[in-house]
Amino acid sequence: MRWLVVGAAGMLGRELVDLLEARDADVRGLTRADVDVADAAAVDSVVRGYDVVVNCTAYTAVDAAETDEPAAFAVNAVGAANLARATWRIGGRFVQVSTDYVFDGAASEPYGPDAPLAPRSAYGRTKAAGEWAVRAECPDHLLVRTAWLYGAHGACFPKTIARVARERGGLDVVDDQLGQPTWTFDVADLVHRLVTAGVPAGTYHGTASGSTSWHGFARAVVGAAGLDPQIVRPTTSAAFERPAPRPAYSVLDHASLTEAGVAPIGAWDARWATAAPSVLAS
């Protein structure tokens, strides 16, 4: 089985390439410098010869997308469509990574894979458009939604929190947004398990189990960094207004994984305890 990972310079893409190489898979990673996903002809030329194509590329500047939605759409929707169409033409299986931002964040119980999409931001709209395009262009697709990602490769919430805590001796973090902090290694592992298990085409949620607030996660991060969690003070989203609205509730349901016989990612706090040494050391 030959794998192609597009977006291999990103936090998740690098993790996936590393994991596949460690498991002796035949894998090639492509970065933005290697292929412009918005160029259909270029995409057609690079996917030939692969059995599985994983799209980890994305325009993830959530706030910048509010004033430059066309740029986000070119990557998140047009790029996804081009990759999905090209993969279907060669008879491959396509994996699209999506996000909790396709939902409105107004729920009070975990979002199921088939929950109605209602994005509230430009980023969310473009990712939702990408989901629609993948379903239309490649019937043999796995759409994996994830959220609150952190990892060793690149900037992420835990690294920022640990640095600020050391520099300032205390910080305020919102406690009115709930989600599932998720390690990129676990998402990469889940993608590999889904593909090798030959699960049915469809939508799967690749987030850690359980849930917490950003404040709760920050306290766990500060503790792992050897500092007193009490220096992390709770505050509200109103105190940190940003151009793009953040979902207040980003907890995703894992029922489709269980139905397919694939174990969901473990509890967020246990997985963070395992991930912390490598993430905070990078």
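The values are calculated or read from the model by the stated rules, or taken from the named source; none is laboratory data. From a predicted model like this one, the values you see are computed outputs, not experimental measurements. Glycine gets a Cβ as well: all are built from the backbone with ideal geometry, and neighbour counts include every protein chain shown.
Quick notes on this structure:
- Of all residues in region 218-258, those satisfying the criterion of being under 30 Å from residue 191 (Cβ atoms) and out of contact with any strand residue (DSSP E or B) (no Cβ under 8 Å at 6 or more places or on another chain) are 221, 223, 224, 225, 242, 244, 245, 246, 255, 258.
- Filter pass, residue 36 being farther than 18 Å from residue 97 by Cβ, charged (D, E, K, R), modelled with pLDDT of 95 or more and not in a helix (DSSP H, G or I): yes
- In region 74-92, the residues that are assigned to a loop (DSSP other than H, G, I, E, B) and of a type outside the set (A, V, I, L, M): 91, 92
- Scanning region 1-32 for residues that are part of a loop (DSSP other than H, G, I, E, B) and under 21 Å from the mean Cα position of the chain (by Cα) yields 7, 8, 9, 10, 31, 32.
- Lone qualifier among 107, 84 - being more than 19 Å from residue 33 (Cβ to Cβ), free of Cβ contacts under 8 Å to residues at least 60 places away in the same chain and either in contact with a strand residue (DSSP E or B) (Cβ under 9 Å, 6 or more places away or on another chain) or surrounded by fewer than 24 Cβ atoms within 10 Å (Cβ to Cβ) (or both): 84
- Residues in region 218-271 that are surrounded by 15 or more Cβ atoms within 10 Å (Cβ to Cβ) and among the hydroxyl-bearing types (Ser, Thr, Tyr) were compared, and the one that is nearest to residue 123 (Cα to Cα) is 250.
Condition check ((1) over 25 Å from residue 124 (Cβ atoms); (2) at pLDDT 95 or above; (3) not β-branched (Val, Ile, Thr)) across all residues:
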{"site": "40", "(1), (2), (3)": "no, yes, yes"}
{"site": "46", "(1), (2), (3)": "yes, yes, no"}
{"site": "49", "(1), (2), (3)": "yes, yes, yes"}
{"site": "52", "(1), (2), (3)": "yes, yes, no"}
{"site": "57", "(1), (2), (3)": "no, yes, no"}
{"site": "65", "(1), (2), (3)": "no, yes, yes"}
{"site": "73", "(1), (2), (3)": "no, yes, yes"}
{"site": "78", "(1), (2), (3)": "no, yes, no"}
{"site": "83", "(1), (2), (3)": "no, yes, yes"}
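- Qualifying positions in region 116-166 - more than 21 Å from residue 191 (Cα to Cα), assigned to a loop (DSSP other than H, G, I, E, B) and among the hydrophobic types (A, V, I, L, M, F, W, C): 117, 118, 155
- Residue selected from region 208-243 under the condition in a loop (DSSP other than H, G, I, E, B), in contact (Cβ under 8 Å) with a residue 12 or more places away in the chain and out of contact with any Phe, Trp or Tyr (no Cβ under 6 Å at 6 or more places or on another chain), by the criterion nearest to residue 142 (Cα to Cα): 211
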